[in-house]
1. Using the Cα centre of the range 22-98 as the reference point, and only Cβ charges (+1 on K/R, -1 on D/E), how large is the resulting charge dipole? Debye, rounded to the nearest 20.
2. Which Cα, out of Trp44, Leu62, Ser98, lies furthest along the positive dipole direction of the range 22-98 (beta carbon charges, K/R +1, D/E -1)?
3. Between Thr57 and Glu10, what is 0.36 nm times their sequence separation minus the Cα-Cα distance? Round to one decimal in nm.
4. How much length is gained on full extension from Ala41 to Arg96, taking 0.36 nm per residue of separation minus their Cα-Cα distance?
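No lab work stands behind these numbers, since they all come straight from the coordinates. Bear in mind the structure is a predicted one, so any value in this text is a computation, not a measurement. Here Cβ is always computed from backbone atoms with ideal geometry, including for glycine, and neighbour counts include all displayed protein chains.
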Amino acid sequence: MLARDRMVEEAFAKVGIRAQEATPTKPADIDAPGCRLRPGAIYWIARQDIADRGYPTKTVRLWAASAGKPEPPSAQWQDIGKQCQRLQREMIAWGRTSKLNREPADATVVTLVPR
């Protein structure tokens with residue numbers, strides 16, 4: 001590495017800007033719906049159609065790289081997969097019931113009193 005490149009990296013590090021980080025690689029045996037891999041981080045991202053209908057949780061950061069840990073260990077991948085599955089189930093359930101929750105109930109006396 002050239003001395004100039006090293007000086008630039010050190011200057012960026014002083015102000016909190018990290019060099020380009022590697023994108024983690026998800027193991028093939030992990031079922032993680034909604035999981036999106038980004039440089040230095042792993043996110044769960046809600047489906048766009050459900051997010052557009054008002055789902056409150058759009059993005060959840062599940063893991064971030066740290067010094068010396070560019071990839072989550074195997075056990076942590078299992079946890080990430082479980083978190084993604086839970087978040088996906090919650091989103092789908094909300095998507096199925098959101099129409100019911102969005103429409104105001106007709107709570108007039110006529111509709112509440114059985115005939």
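1. Here the range 22-98 has a charge dipole of around 180 debye.
2. Of Trp44, Leu62, Ser98, it is Ser98.
3. Additional length available on full extension: 13.3 nm.
4. 16.8 nm
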